[in-house]
1. Pairs, please: C-beta under 9 Å, at least 6 apart or cross-chain, first residue more than 16 Å from Leu96 (Cα to Cα) and in segment 250-262, second of a type in the set (Lys, Arg) and modelled with pLDDT under 95?
2. Give segment 141-162 a look and list any residue that's in contact (Cβ under 8 Å) with a residue 60 or more places away in the chain and either within 25 Å of Pro297 (Cβ to Cβ) or assigned to a helix (DSSP H, G or I) (or both), or say none.
3. Is it true that Glu129 is closer than 22 Å to Lys18 by Cβ, out of contact with any Phe, Trp or Tyr (no Cβ under 8 Å at 6 or more places or on another chain) and free of Cβ contacts under 8 Å to residues at least 40 places away in the same chain?
4. Which residues, counting only those in segment 79-113, are out of contact with any strand residue (DSSP E or B) (no Cβ under 9 Å at 6 or more places or on another chain), surrounded by 12 or more Cβ atoms within 10 Å (Cβ to Cβ) and part of a loop (DSSP other than H, G, I, E, B)?
5. Just give me the residues in segment 47-62 being of a type in the set (A, V, I, L, M, F, W, C) and open to solvent by less than 40 Å² (accessible area, probe 1.4 Å), in sequence order.
6. What strands (runs of 3 or more DSSP E) completely inside segment 178-229 contain at least 1 residues that are out of contact with any Pro (no Cβ under 8 Å at 6 or more places or on another chain), among the basic types (Lys, Arg) and open to solvent by 10 Å² or more (accessible area, probe 1.4 Å)?
7. Has segment 159-179 got any residue that is at pLDDT 95 or above, over 16 Å from Asp89 (Cα atoms) and of a type outside the set (S, T, N, Q)?
8. Would it be correct to say that Leu44 is open to solvent by 20 Å² or more (accessible area, probe 1.4 Å), of a type in the set (A, V, I, L, M, F, W, C) and assigned to a helix (DSSP H, G or I)?
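The values are calculated or read from the model by the stated rules, or taken from the named source; none is laboratory data. What you are looking at is a predicted structure, and each value in this text was computed from that prediction instead of being measured. Because the Cβ atoms are built from the backbone with ideal geometry, glycine has one as well, and the counts that use them run over all protein chains shown. These area figures cover heavy atoms from the full protein model, side chains too; ligands, DNA and RNA do not enter into them. Shrake-Rupley method; radii C 1.70, N 1.55, O 1.52, S 1.80 Å.
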Amino acid sequence: MAIPVIDFSKLNGEERAKTMAQIANGCEEWGFFQLINHGIPEELLERVKKVASEFYKLEREENFKKSTSVKLLSDLAEKKDSEKQEYVDWEDVITLLDDNEWPEKTPGFRETMAEYRRELKKLAERMMEVMDENLGLPKGYIKKALNGGDGEGAFFGTKVSHYPPCPHPELVKGLRAHTDAGGVILLFQDDKVGGLQMLKDGQWIDVQPLPNAIVINTGDQIEVLSNGRYKSCWHRVLATPDGNRRSIASFYNPSFKATICPAPQLLEKQDQQLDDTYPKFLFGDYMSVYAEQKFLPKEPRFRAVRAM
């Protein structure tokens, strides 16, 4: 079983209806799908790969070797028992925002990643319009909900991660299983080194490397806005003994001040109360709960935020 691969360019041609249906299926049945011919220039994606790899070698690799993850895993391996490293991930990561400090030593990193982020944000907004149409919502509904109104209040962050070769992959995860807290996630993953898996029908399925594809997955807030039509999906990254897996994930998340609740048009019957399944909440309150419960079942997160 492989996650859906969708040709995004066919939205503009004779196969529009079929492509819309494929995206609806990806959102409703999977929560994960891959876009090809998505409009991000191949030349830009090749530059992103280059600067990301150079950045890790120049600015991160030596520090990772001295990291808590490496030390804890080494200590655990020396014990030679069945205990696993449950609370630390085998991951090196930084987050890029418009207004935080960016790496300065890697030539071309800032310019390339800024251009990439602009393109990915536009793709996220196009994807949200497709979701609006498939859900029968007014055009721009999801974008407006995540932005907390007509402005540009949404949080758009990009995580640049590397998962270096792991000497004991049986003892640690690259990234523990979780759902994503926010809205729409766009992942540019490694062409060759796998490890990302998603959970479907109780089975962990590989998200197969596909050169220059963009993986889309839906976060918890899309599940709420869609009144459960679209599910946020559990996923994880396995540590591997070979290869340094690159992963660049961009998150189009709500403003902390945005009020999130199911779209009124999607309440299944007129007398359905807003908090039957999903409460109405401020995203900032949800993040306070998520910070403590990221790797725990998601349904109690909704219950906890209802009680705030």
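1. Within 9 Å, the pairs are Thr259/Lys280; Ile260/Lys280; Cys261/Lys280; Pro262/Lys280.
2. Hits for segment 141-162 are Tyr141, Ile142, Ala145, Leu146, Asn147, Phe155, Gly157, Lys159, Ser161.
3. Working: closer than 22 Å to Lys18 by Cβ: yes; out of contact with any Phe, Trp or Tyr (no Cβ under 8 Å at 6 or more places or on another chain): yes; free of Cβ contacts under 8 Å to residues at least 40 places away in the same chain: yes.
Spelling it out, Glu129 is indeed closer than 22 Å to Lys18 by Cβ, out of contact with any Phe, Trp or Tyr (no Cβ under 8 Å at 6 or more places or on another chain) and free of Cβ contacts under 8 Å to residues at least 40 places away in the same chain.
4. Across segment 79-113, the qualifying residues are Thr106, Pro107, Gly108.
5. Val48, Val51, Ala52, Phe55
6. Of the strands (runs of 3 or more DSSP E) lying wholly inside segment 178-229, those with at least 1 residues that are out of contact with any Pro (no Cβ under 8 Å at 6 or more places or on another chain), among the basic types (Lys, Arg) and open to solvent by 10 Å² or more (accessible area, probe 1.4 Å) span 196-200.
7. no
8. Answer is no for this residue.
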